[in-house]
Each structure stands twice: as C-alpha cells, then as structure tokens.
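The values are calculated or read from the model by the stated rules, or taken from the named source; none is laboratory data. All of these numbers come straight from a predicted model, not from anything done at the bench. Cβ coordinates were reconstructed from backbone atoms using ideal geometry, including for glycine residues, and neighbour counts include every protein chain displayed. SASA here: full protein model, heavy atoms, side chains in, ligands and nucleic acids out. Shrake-Rupley method; radii C 1.70, N 1.55, O 1.52, S 1.80 Å.
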Amino acid sequence: MTLGTARTKVLAGFGLALLLTSQASAQDCMDGIITWLNGGFLRYDPTLPDPGYATGPLNDLGVNPGPGWNPVYPNLDWQPDPTSIASGAIDDVSIVVQQNSDPCDGCGATLDIEQLCYRGAIDPAGTDWTAGWTVTGENTSIKPAGWETRPIKILSGIQPVSNIVFDADTVYAFIGKVTIPDGATLTIQAGTLCVGENASNGYLTIDRGAQIFANGTAQNPIIMTTDLEPPIVGGWGGLVIHGRAVANCADCLGGASCIAEGNAGDFCGTDDCDNSGSMEYVIVGYAGVDIGVDNELNAFTFNGVGAGTHLRYLQAHQGKDDCFEWFGGKVTLRYAVATGGGDDCYDWQMGFRGAIQNVVAQRYPNQAGADKCIEADNNEFGFDAVCRSNPVVANATFLGSNGAGLDTYGVHFRRGTDFQFFNSIIAFSNNEAVRISDDATVARGLNPFPGVACNTAAPEVRAHDRIAVSTFPNPVVARTQFSFSMPEAGHAALDIFDVNGRRVASVVNASLSAGPHSIDWTPENGLVGGTYFYRLDAAGAPTTGKLVLVR
C-alpha cells in the first residue's frame, strides 16, 4: 500500500547535514534466516549489485525447519518440533543488531527486543503463545458467545475529552469515524466486543495526545469486528492510532504534520518516545476499506506511534488490505499474528524505525489481492528521504499459500528502506523468499553478522569447519584468554560485540601461523558488566561464543 497523491511530501528543511549523517550510519543485516519451499531464495532488480545477503553465515537456505513441519493452510500449527534446526539447542542463531545512531530520534528511544535462542516466532521447545486466544477460519464469526444479549451503545464522531471506558457487558458500535481526541483516554475492558458498521465504514481513531488502554487476556481477548453476520472481508474500517513520533512524509521535525490515509487525521511530531497507551490480546477482524486509489484503511494502522506505546498479543484476521501498517514512528510490536490478509501482512514506510519481534504471517488460499508477508519502503516520493525506515525484524514466521493462493514474495525490501532482519523462517511463498528492489535499498552495505551458539550444550562447531575456541576465565573479571588452533596459516579477526551487535573491541586482526594460539584480552574500563559475544573469523567460517563480564 502506498501513500496517496494528496500526501505531503518530504521537505528540504531536514537539511543536508542530517541527510549525510542518516545515510552514513545505516547498514542492512539479514542473518539467521531459514527458507523452505519458496520459489527461490533471493530476487534482485537486474541493475542491483549483490550485497551478499545469501552469505550470512547463519542463513540456512532451502533447509526444512522440520521434522514433520508443514503448516500450510488449513493446518495452522506454527510451532516447529523441538528437534528442529530452528531451535538454538540444535543450531546457532544470530545476535539481533540494532542501529546505534538514529539522528532523527531526539529522545533516546530504545527498542524493546530480546536476544532469543531460536528462529521463528515460537520457541520450538517452549510454550505456543498463539494457542487459546487467536482465531482462524474463513468468513466465520469471531464474536464471543452470548454477545447477542449485551446492550448496544452507538458511537459516532468526536468523543468527549474525558476518561472513556468500554465495559465488557456492552457492545460498542462505531458509526462512521469515531475519534478519541487529544487529551482523552479510552480504556477497553477484557472481553469487550466492538463492531464497526459496514454501511458507514465505521472505524476507530486515536488522535495525537490521546491514549488507548485495551488490555484483554488470553481467556478474554478484546474483539473488534464488523457488524455483519456472517462477516465479510472489509466489513468495517479498523483501528488507527496517531502519535507524535518522527515520520518522513512531512517536515515533522520542523513542525509540519502528515495526513493519514482514509481521512483518519494528522500525525507525527518530534517525540520518538511518545506514548499512545497499551494494547494486549486484541483481535481486529474483517477490517479494511478502500477509500480510493492507494488510500486505504487497514486492520491496525500505526501513524507516527512512539516507543513508549506497548503493543503485545495482537491479531489481524482476514483484513481486506494490510494487516499491520506503520507510517513512521518507533514503536515495538511483539507477539502478533496476521492471518488471511488481503494485501500485505506487515507493511512499513515513511520512516518507520521501530521493531517487530515474535510475529506470524499466515497466507490463506484465494484471498483476493493477497501479496507479501512484508512490504517495506522508506518513502515512495524520495527513496533517500532522511529519517529513513530502518526497523529491526526478528523471530518471524512468514508462511505463503504453497501455490494455492495469490501471494508473491515472502518479504520485499524496496524504495530505500534499511532493515535488520534476523532469526526468522520464510516458507511456502509462491515466488522468492526475499526480493530486493531499487539502488537506494542496498546502497549502504552490510553490518557484520555476529552469530552465537545460545545453548552451551550445543557443539561450538556447526556443519561448517569452524575453529574451536576456548575462553578462560569466563566470567571475565579483569582478563580472559582466547585459545584456538589455526589449521593453516592465514588471516584471523577476533572481535567482541555487545548485546546490540556493536563491536566494542578488536582482539586480533592479523595473519597468524598454523598451529595453536593463546591471546589475552583485557576489557577496557569503560565497558559495563553484562553479556558480550566474541566472533573469530578464520579458516573460511566464523566461530562465535558468549562472554560474561563482571564489574
């Protein structure tokens, strides 16, 4: 989905100095990816140089994440077996790298991501967090049992500037656009049902300066769906949240605003730490309305939403357009499910710099307009626009229809977006797992790929002929020693990384003779206590491991 022609374009007021800083600080990463039964791994536009994504040392291309794993619709078992290669106990995963410099973030916003020792959305050896609360099926009602006996409260227009409460004993009906204005808060109790009127394209908007607290439970999720029974895809407008975080569809840093699709309102600002509230266990079903060409409402739309907003356990089910879409902002979404979407499952543009972790995308067959699990842009009007899109995506499970539907690529990075993409599974897409378009998308090169063996019981050496490395003492107090043996003379690079993937020390970068070597490392005084990772590049394959520094 793209922005309409009425959208305010990026202005020159951001300044040349910021442009240079933004471009110089960004590099792309793609490592720890499993691909299986797609129409190939990677497709470039013909004019693009090969940026080397296929050579990420922890990518497993064309590898079955089984055994016995085949979650093709209608079999929606997304959790691999504990003996799967997706498990950190069986194979290595990659350190999730965050960019350390974001010149558009003036508040020091941090992304709420974890270093998880598995690949895909669900831990193969853990609990399936999607079980018990998500909905499935095609064009079937998702309203809770007994909803017909609840009284109905009809809402339309701008609501009062007050503390508004939706209680679970009432059905709330949205007639046309319903707005929670600046200064108001909306609290939605667990188990509440909200319906959007199909006849008026009803939908709910949370304005800048307002907050939504929609916190359901696994036993009593909050459900937002169409008033129609049986439901139809695109039966209402969905949920739109506006924030004051930075986007690049206008000169937000200079005080201008972006105009949302669907006449939903204005958004963006200068505060990447903005807090629009909290949502957990919320299901938005059968949403999405085509207002005009390239002008649509989605299931969930996050416009300039800041990192202070809490988003967990959300599902978009059978939406007509995108399931989740971001226009700028720096919010983190974790534990999300997109099922049967009509266009893209996860779509970002206009300077989105947040994070997406533990997310599922499941394609249904014959869903009209179904496209990609991720469609990722920077800015369609200027691929090199400053405050560039550069989110972290980790622990995703992206599933196509295995030839039965209209989906195309697993993920599509284009129009100048940067990305950090780790520890995920892409399977059953009709075309390639990954597509890269436009010179601006690959112009800044690659970050290092510091993989790590998360499970200490796992062998240090994978199928590659890695060099075994021992460290003593570990934990490290004042000094540690790395010991390894070079199978033949050659170059060796031994580096230390922090948990954000930033290199903090170069221990060795030299040609070494064949045979054993012992090299001391004394951590600098400025390093804080905590977990670090080492990476030895030698003999054609990297060896990685973990250190704990005690201060």
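Here are a few things to note about the model shown:
- Heavy-atom accessible area ranking, 1.4 Å probe, most first, across 153, 177, 372: 153, 177, 372
- Debye, to nearest 20: dipole size of region 283-345, +1 on Lys, Arg Cβ, -1 on Asp, Glu Cβ: 480
- Counting only protein heavy atoms and a 1.4 Å probe, region 246-309 has 25 square angstrom of accessible area per residue.
- Pairs exceeding 20 Å between alpha-carbon atoms, taken from 153/320; 143/320; 153/177: 153/320.
- Using the Cα coordinates of the chain, the gyration tensor eigenvalues translate into equivalent-ellipsoid semi-axes of 41, 25, 22 Å, sorted from longest to shortest.
- Chain lengthening between residue 493 and residue 152 when straightened (0.36 nm per residue, less Cα-Cα): 116.1 nm
- Computed with a 1.4 Å probe over protein heavy atoms only, the accessible area of residue 244 comes to about 90 Å².
- In the full protein context, region 29-92 carries 41 Å² of accessible surface per residue, based on a 1.4 Å probe and ignoring ligands, DNA and RNA.
- The fraction of accessible area contributed by carbon and sulfur in the chain is 51 percent, rounded to a whole number (1.4 Å probe; ligands and nucleic acids excluded).
- Every helix of 4 or more DSSP H residues in the chain counts as -39500 (n - 2.57), and over all residues that averages to -500 deg cm²/dmol at 222 nm.
- Once you reduce region 388-414 and region 194-239 to the center of their Cα atoms, the two points are 25 Å from each other.
- Each residue of region 234-317 gets 82 Å³ once the volume of the Cα convex hull is shared out per residue.
- Point-charge dipole on Cβ atoms (K/R +1, D/E -1) for the chain, about Cα centre, debye to 20: 760
- Rolling a 1.4 Å probe over the protein chains gives residue 158 an accessible area of about 130 Å².
- Antiparallel beta bridges, as assigned by DSSP with both residues in the chain, represent about 30 percent of the total such bridges.
- Remark: accessible surface ordering of 491, 242, 310 (largest first) is 491, 310, 242, probe radius 1.4 Å.
- Listed residue (257, 522, 323) projecting farthest to the positive dipole end of the chain, Cβ model: 522
- Projected label distance in nm at residue 229 and residue 514, using a 7 Å step from Cα toward the beta-carbon: 7.9
- Overall form of region 72-219 per C-alpha gyration tensor (a/c, 1.5; a/b vs b/c): oblate
- 381, 413, ranked by accessible area, largest first (probe 1.4 Å): 381, 413
- Per residue convex hull volume, Cα atoms of region 257-404, in Å³: 105
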